[in-house]
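Before any comments, here is the structure.
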Amino acid sequence: MYTLRSEDGSVSAAVGFHGLVYIDPDTFAIRHVALEAEEIPKEIGWRESNIDVDYDYVTVGDQKFLLPLSATLKIRNGKKTLYKNDMQFRDYRRFTAQSRILPN
């Protein structure tokens, strides 16, 4: 679900979106997702919003997992203001725990 909120948080709406999914032809793994919001209600105040996420294999513990590496969120307010948030995902770790049930 793609939900947008007004800048002050008083108005929110679930909006439709379209996009592209890029798949590795050898492994069929998703490598990139690009989404763009459609028909954003005027009450929200945003004119445009899109998200791009890049994926790659990351070693966590002794296994490789397909995980997000980076993402970019762009959102436009009016004709001149564009907010851009670049995100990096790193230092993935695996947390484990062991437990045992002891008889009474």
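Quick look at the values:
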| item | result |
| --- | --- |
| Added length on full extension, which subtracts the Cα-Cα distance from 0.36 nm per residue, ARG90 to VAL33 | 18.7 nm |
| Vicinal HN-Hα couplings computed from phi for the stretch 12-18 (Karplus, 6.51 cos²θ - 1.76 cosθ + 1.60; Hz; Gly/Pro x) | 9, 7, 7, 10, x, 7, 9 |
| Protection proxy ranking, peptides 85-98, 27-40, average beta carbon neighbours within 10 Å, highest first | 27-40, 85-98 |
| Eligible aspartates and glutamates near LYS64 by straight Cα distance, threshold 17 Å, same-chain separation 8 or greater | ASP24, ASP26, ASP54, ASP56, ASP91 |
| Proximal lysines to LYS74, defined as alpha-carbon separation beneath 19 angstrom and excluding residues fewer than eight positions away on the same chain | LYS42, LYS84 |
| The chain, relative contact order [Cα under 8 Å, separation at least 6], % | 17 percent |
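Values in this text are rule-based calculations from the coordinates and carry no lab data. Predicted model, so just to flag it, every value in this text is computed and none were measured. FYI the Cβ positions are ideal-geometry reconstructions off the backbone, even for glycines, and counts take in every protein chain you see.
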